[in-house]
Amino acid sequence: MEIFIQQLVNSLSVASVTILIGIGITLIFGLAGIVNFAHGEFLMVGGMITWFLVTSGLNFFLALVGAMIFVGVLGFIAERGLFRFTLEQPMNGFIMSIGVSVILQHVVIRVFNEVQKTIPDPIGKVWVVGGIDIIAMRAIVVLLTAVVVATTYFGISRSRYGIALRASIADQDTAALMGIPVRRYVTGVFVYGSVLAGLGGALMIALFPITPFTGSVVIIRGFAVSLIGGLGNVGGAVAGGLILGLVDGLSAGYGSPEWTDAYSLVVMIVILIVRPQGLLGGTLGPRAT
Amino acid sequence: MALQITGLRKEFGGVVALAGVDVSIELDRIVGIIGPNGSGKTTLFNVVAGVHRPTSGRVLWQGKDITGKPAYQIARMGIVRTFQQAMSYRGLSVRENVRIASEHGRSYGGAARPKWDSPDEILAFVGLAGLGNEMAGSMPFGNLRRLGVAVALAANPLLLLLDEPAAGLSENEIAELMELILRFPRMGIGVCLIDHDMFLMSTLCERLVVLNFGTKIAEGPPTLVLNDPKVTEVYLGNEI
Amino acid sequence: MNETPHFPEPAPPVGRRRDIASERPVTPPAVQSEAKGRSGWVKLPSREETVVAIVAVVFLVGFPWCNPGYRFLSLAITTGFTSIALYGLGLQFGQAGIMSVGHAAFLGIGAYTAAIMAGRFGLGFWVALPFSALFSAVIAGLIGLPSLRVGGQHYIIITFCFCALLNIALTNGGSFTGAATGLDVGSIDPIFGINFDQLRNAYYLVVAVLLISLLVTYLITNSSYGRTLRAIRENEALARAVGINTGLHKIGALMVSGAFAGVAGVLQAYYLRHISPALYGPFPSLYLALMVMLGGARLLYGPLAGAIIVSFLPEILKLDPIDSRIAYGVGLLVVILLLPGGVSAGLLDIYRWLLSKRRR
């Protein structure tokens, strides 16, 4: 039982990072139709900034906030400077995001270096819950993610902005005709998604080492999660993250580890072919004919 | 040799767009389909042209059953449709738009001469002479409509399904369009058209078919149909 | 039969934009009659195109005579077979509008097929070449089937996933695929007494295949088949409405693209003499997409230009691999935002602008 709970927390902490990325991807695609290939790199940059700040002496949680701000600004610049021009042609935006991802990876290599980065466990404690030892940091990752998910979810379903956002996802033109500043929402969603990616990166480096190429590993899982959950569907992204985390945990425990990635890839291909809007209900994107 | 539609039914999920429609269209004639928005007119075209498969019913063309065949096959058999939104290959030149259609439409087969010597001839016929090199995407709407007709002609049709060809055109342009459409029966091309402009429909069409909520509620010569109380009731407030 | 219309001529439009992809000579084209759907008429090259072609051939053939040295000659060979793969991608994207970020997978299929044929069955280069091309084409066609159901962006992700899956399969393929270490490949059997271990001969072999690729690309682009693909790219619904079997043509374009990549893969395998899964993963695929966008997918020399820029510019500017990749990324952004047709389209526009200035 103890091992199971520990495994559960472990898997959840991994799934948390994926969920954070997944939410960003699903919101951005659902609203703007932008498939941002560089989203994984946003996470990686968040992790790198965290590493940099922590190794310069800053407290982890302050560094975490710093990373979130940094990546948020990065996302803002990317949206305003690049993706904004391709809203009519999402394909171009996608190809541009490939360029952005390449640039970010190699700028990071330039500024830091290729070697993997890691930070010591920021909390370093072990909590004893109900007689079971749980690594505090992992639990915190899960808790923080849960808070973010709850905030996002209620924000979208209850607040004025959230409702306007969902309207825009459902029918962009009508929303615009009703006076919703859709473009500003696109920017807002993009920044929000980037901030979440930064948070994900910071949390990730608290748990695992990261390299400049970590982004491309994570993004596939992020896409898988958004597709399973349905593009534009936040709750679905969470469900998708949990499902994928479960699959991962099982495959690590019982299957062969090399094929772990393969499972999410196959799942993605199947979903893309059979139900492109996602499993649990979502959108085909704002320009779907 | 005709188009025979029997009991055509099309459901989209819970919505019944066509509720069992019977229509016969002889060639070399102009038949009109009218009805309020949502009555199933475009759906009828879509099903006949192969864009959608009917839920039930049959479409016979020249004696052959073409129900449910894919759109490109039906086009090659001589039924060519135009679209409500003026469609074109936007990034290609006007001439290429027409040329592509002529290379894929109904084959001329055997010893039959092609009707047209070149895409430019078709362009001249619809009033786009000299515009062959223009990019289709940069043309004004009226010309786009003409291009749509040119493309359809280039595909060597026996029957043209024109979906709201007058929508968005000025009075002059509509008059020109009417002149153009009147030529088709003499060229051996039957026409079936959908539109809301009652003057156009009553002048051009020998016969009108009226749809409402996916069913045919009237059929006959325009003067009779447009005075039929069932029809005027459906079109309350519409000037004829 | 043809009556002259008697309604007024439409007013001449303001400003003429030129459609680069479909410039036609002055003589009116003929409409085909009986032979429907075959390659039909191929537009003959204009004077300018012929001149450029001659220059290109002279440049390609004459390159080794400029004493480039071992390094540049090897680089040229690599650029050569990369271009061949790019021409495939250029056809499927530039003509049919189907982008892929998994193209390296087909290079891999070609390369591994050749390596396994040589290693296990003792079949050499000359047999592997057509067979790998065919095999890659078939797989490309199969992978292309989803493109008939889903939109462009979704399909791109599918291609990425397929490439990643293939990578995993190759890495875990045990002794059959050589696993992560990969496979060794022998040398090309000499024909007509030409020994291809000599760098210069290898270069000419690649150039020969490249020229064939250029010719095939030209023929496809300027024939009815190319027009059909462009119609599908521009407006698929309209294409179906005029009788085009869009599904068949899309799969066909993807198969041709796969064949090009397969051929390139065989050349690569026999040149490098050792292949491994890392060469054919998602990253290389991304770089291929990048190269074809940079150079321009629609013009005849676009893919070649893209490959040359990406391969040679860092050498000439003495950029290290990291800076050069940053440059590629930036270049891609610039191209998408400012020069959507790629460098080749940009050069063409400059040429036309200069020409129009001269005519004043």
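What follows is calculated from the coordinates using simple rules that are stated; it is not laboratory data. Since we're looking at a predicted model, the values are computed, not measured. Here the Cβ positions follow ideal geometry from the backbone for every residue, glycine too, while neighbour counts run over all protein chains shown.
So here's what we get for this one:
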| item | result |
| --- | --- |
| Helix-only CD estimate at 222 nm, as mean residue ellipticity for chain B, using -39500 (n - 2.57) per DSSP H run (n ≥ 4) | -9500 deg cm²/dmol |
| Sequence-distant aspartates and glutamates (8 or more away, or on other chains) whose Cα lies within less than 17 Å of A:K125 | A:D133 |
| Entries in B:K115/B:K230; C:K250/C:K357; B:K69/C:K43; B:K41/B:K115 that, when Cα-Cα distance is taken, lie over 32 Å | B:K115/B:K230; C:K250/C:K357; B:K69/C:K43 |
| Estimated inter-spin distance, B:S56 and A:V73, nm [label 7 Å along Cα→Cβ] | 6.8 nm |
| Sparse-neighbourhood loop sites, trypsin sites (Lys or Arg not before Pro) in the range A:94-172 - DSSP loop, at most 13 other Cβ within 10 angstrom | A:K125 |
| For chain C, the Rg and Dmax computed from alpha carbons only, in angstrom | 21.7, 77 |
| Share antiparallel - DSSP beta bridges, the protein assembly as shown, percent rounded to 5 | 65 percent |
| Rounded tilt (10° steps) of A:60-81 against the dominant C-alpha axis of chain A | 20 degrees |
| Selection of chymotrypsin sites (Phe, Trp or Tyr not before Pro), the range C:141-197, meeting DSSP coil and at most 10 other Cβ within 10 Å | C:F192 |
| Computed over chain A, Kirkwood Rh from alpha-carbon pairs, angstrom | 19.1 Å |
| In degrees, nearest ten, helix A:136-158 long axis to first principal axis of chain A (Cα) | 20 degrees |
| Global form of the range A:69-208, assessed from the alpha-carbon gyration tensor, a/c cut-off 1.5 | oblate |
| Cα-only Debye scattering, the range B:28-107: base-10 log of I(q)/I(0) at q = 0.26 Å⁻¹ | -1.33 |
| Exposed-site-free run, longest, chain A (rule: chymotrypsin sites (Phe, Trp or Tyr not before Pro); DSSP loop; at most 15 other C-beta within 10 Å) | A:113-253 |
| log₁₀ of I(q)/I(0) at q = 0.05, 0.06 Å⁻¹ - the protein assembly as shown, Debye sum with one point per alpha carbon | -0.34, -0.48 |
| Residue mean of other protein chain beta carbons inside 10 Å, B:72-80 | 4 |
| Segment C:D184-C:A56, extension gain: residue separation times 0.36 nm, minus the distance between their alpha carbons | 42.7 nm |
| Estimated FRET transfer efficiency when R0 is 22 angstrom, pair A:L8-A:F208 (beta carbons, to 0.05) | 0.80 |
